[in-house]
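Below: the structure, in structure tokens.
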Amino acid sequence: MDLLARARKLEAEGQSIVHLEVGEPDFATARPIVDAGIQALRQLKTNYTAATGLPELRQAIADHYRHKYNLEINPRRVVVTPGASGALQLALSVLTDAGDSILLTDPSYPCNRNIAQVLGVNSIHVPVGAETQYQFVASLIGEHWQDNTRAAMVASPSNPTGTLIERGVMQGVFEAVKKKHGHLIVDEIYQGLVYDAEEYTALALSEEMFVINSFSKYFGMTGWRIGWMVVPEQFVDVVDRVAQNIFLAPPTISQYAALVAFEPDTDEILQRRVAMFRERRDYLLPLLEEAGFKIPVQPQGAFYIYADCSAITDDSFQWTKDLLEKEGVAVTPGIDFGEFEANTHVRFSYTRSVDELKRAMCRITRFIK
Ligand SMILES: Cc1ncc(COP(=O)(O)O)c(C=O)c1O
């Protein structure tokens with residue numbers, strides 16, 4: 001965030017900046033979704049909805065799982081939330097008490113450990129590397145679980161690494177968590193943004209997981225603040241009660257807009273974007289390797305490349321600052337995602353056009369030289 005602020009300041013002063021630090025697609029929300037939002041406003045749909053969301057949106061989300069994954073989900077288990085962020089807060093709120101702990105991978109999405117901290121929950125950071133695709137495997141759960149641990153959190157595809165958890169490994173992780181009488185929270189926010197791997201949902205493996213998703217990334221609705229979570233049946237009521245108290249309801253206009261997110265016309269637009277992300281990844285990856293970065297695991301999803309920069313620097317934080325000041329390219333240092341080998345990693349977001357990536361690579365290569 002500091003880096004982003006600095007990048008914006010330099011930009012305001014007239015410098016040309018290439019933004020490879022932001023985790024947000026550069027596309028505006030697809031037109032059919034925007035139109036549905038405008039229509040909802042015109043029809044004055046401006047009141048609160050139920051805390052768990054519009055029944056028709058919960059049904060549309062359940063239908064989405066049937067169409068895409070051939071999976072029957074009771075819409076009662078679907079809770080609409082203010083982004084995946086709202087879902088993460090709800091999940092941790094209902095599963096933990098102050099003094100408990102949760103297991104996270106290091107590196108992982110930084111807000112999770114901060115949400116835990118706000119709740120007085122200790123996060124145990126488990127170092128993961130290329131050998132496990134930067135993800136949990138069952139044995140790591142057994143090794144790091146403590147008496148006060150209540151849940152483990154995973155994201156597939158992951159931020160910052162773009163790696164997936166293969167179906168069998170997810171099943172193993174789930175079993176290991178279950179053996180400890182804990183809960184598995186699976187963040188599928190980058191679902192749909194998967195390039196050359198089989199897509200599945202963890203919901204197909206068990207009804208006992210908390211599975212989080214969002215309209216932010218694949219559906220390109222970051223600023224609308226809307227997502228969802230599918231919870232085990234016995235948690236529906238408690239999640240409802242906590243949602244009533246923390247959020248009252250997810251944003252109404254966004255919910256009406258999201259209703260058309262699953263329509264075939266919208267999906268056609270979104271699928272074209274997926275193809276563009278894949279093209280960007282395929283463009284950037286070999287150029288980064290040529291420039292001296294090591295990328296031991298091919299990122300198969302999201303829009304991130306987590307690169308080992310040990311051949312270039314052992315202080316990635318300072319390096320990203322210098323790169324921004326000297327060449328006007330903003331990338332995220334590893335320290336944002338944890339501590340494990342953070343000084344020798346950086347994250348590149350390919351949320352910019354191939355032309356911009358080209359400009360960034362010229363500057364990065366010159367900077368390294
Ligand atoms: C892994 C992961 N989870 C959750 C979020 C939160 O997303 P939102 O609240 O916009 O749905 C992000 C945002 O970047 C993310 O990368």
Between Lys9 and Lys294, what FRET efficiency comes out of the Förster formula 1/(1 + (r/R0)^6) with R0 = 35 Å and r the beta carbon distance, rounded to 0.05? 0.65
Treating only the Cβ of Lys, Arg, Asp and Glu as charged (+1, +1, -1, -1), what charge dipole size does the range 45-261 show about its Cα centre? Round to the nearest 20 debye. 560 debye
With a cut-off of 8 Å between alpha carbons and a minimum separation of six or more residues, what is the relative contact order of the chain in percent? 25 percent
Burial order of peptide ranges 164-176, 272-284 (average beta-carbon count within 10 Å, highest first): 164-176, 272-284
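Counting DSSP beta bridges with both partners in the chain, what percentage is antiparallel, nearest 5? Please list the in-between numbers first.
Numbers: 17 of 36 bridges.
Looking only at bridges with both residues in the chain, the antiparallel portion is about 45 percent.
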In whole percents, the bins of 20 Å from zero upward hold the Cα-Cα pairs of the chain as 29, 58, 12
Under a plain spin-label model, where a point goes 7 Å from the Cα along Cα-to-Cβ, how far apart in nm are Glu166 and Glu198? 1.0 nm
Residue-normalised 222 nm signal for the chain, counting each DSSP H run of n ≥ 4 as -39,500 (n - 2.57), nearest 500 deg cm²/dmol, is -13000 deg cm²/dmol
Would you mind calculating the gained length between Glu208 and Glu325 on full extension (0.36 nm times residue separation, minus the Cα-Cα distance), in nm to one decimal? 37.3 nm
Past 27 Å, Cα to Cα: identify those pairs from Lys217/Lys369; Lys68/Lys217; Lys9/Lys358, in the order given. Lys217/Lys369
Within the range 1-36, the residues whose backbone N lies under 11 Å from a label point placed 7 Å from the Cα of Met276 along the Cα-to-Cβ direction are 25-30
Using Cα pairs closer than 8 Å and at least 6 residues apart in sequence, work out the relative contact order for the range 273-316, in percent. 33 percent
Would you tally the net charge around Thr332, using a Cβ to Cβ cut-off of less than 11 Å, leaving Thr332 out, and scoring K and R as +1, D and E as -1? -2
What is the spin-label model distance, in nm, from Gln146 to Asp35 if the labels are put 7 Å beyond Cα along the C-beta direction? 5.4 nm
Using the number of other C-beta atoms within 10 angstrom as an exposure proxy, rank Val329, Val242 with the fewest first. Val242, Val329
Taking other Cβ within 10 Å of each residue's Cβ, how do Arg347, Arg6 sort, fewest first? Arg6, Arg347
With unit charges on the beta carbon (Lys/Arg positive, Asp/Glu negative), name the residue among Leu57, Gln171, Phe340 whose Cα is farthest towards the positive pole of the charge dipole of the chain. Leu57
If one computes P(r) from the Cα atoms of the range 1-159, what percent of pairs lie at distances over 29 Å? 42 percent
Rounded to one decimal in nm, the spacing of the 7 Å Cα→Cβ label points at Ala28 and Glu341 is 4.2 nm
From Cα pairs below 8 angstrom and at least 6 apart in sequence, can you work out the relative contact order of the range 45-261, rounded to a whole percent? 28 percent
Kindly state, to the nearest 0.05, the FRET efficiency for Asp97 paired with Thr46, given R0 = 41 Å and r defined as their beta-carbon distance. 0.65
On the Cα set of the range 45-261, report Rg and Dmax in Å, please. 16.3, 51
Two decimals is fine: what's Rg over Rh for the range 133-190, C-alpha atoms, Kirkwood radius as Rh? 0.95
Arranged from highest to lowest average of other beta-carbon atoms within 10 Å per residue, in what order do the peptides 292-303, 257-268 appear? 292-303, 257-268
Out of every Cα-Cα pair in the range 193-290, what percent are more than 19 Å apart? 59 percent
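Read the figures in this text as sums done on the coordinates, not as results from a lab. Predicted, not measured: the structure shown is a model, and the values here were computed from it. Backbone-built Cβ (ideal geometry, glycine too); neighbour counts: all protein chains shown.
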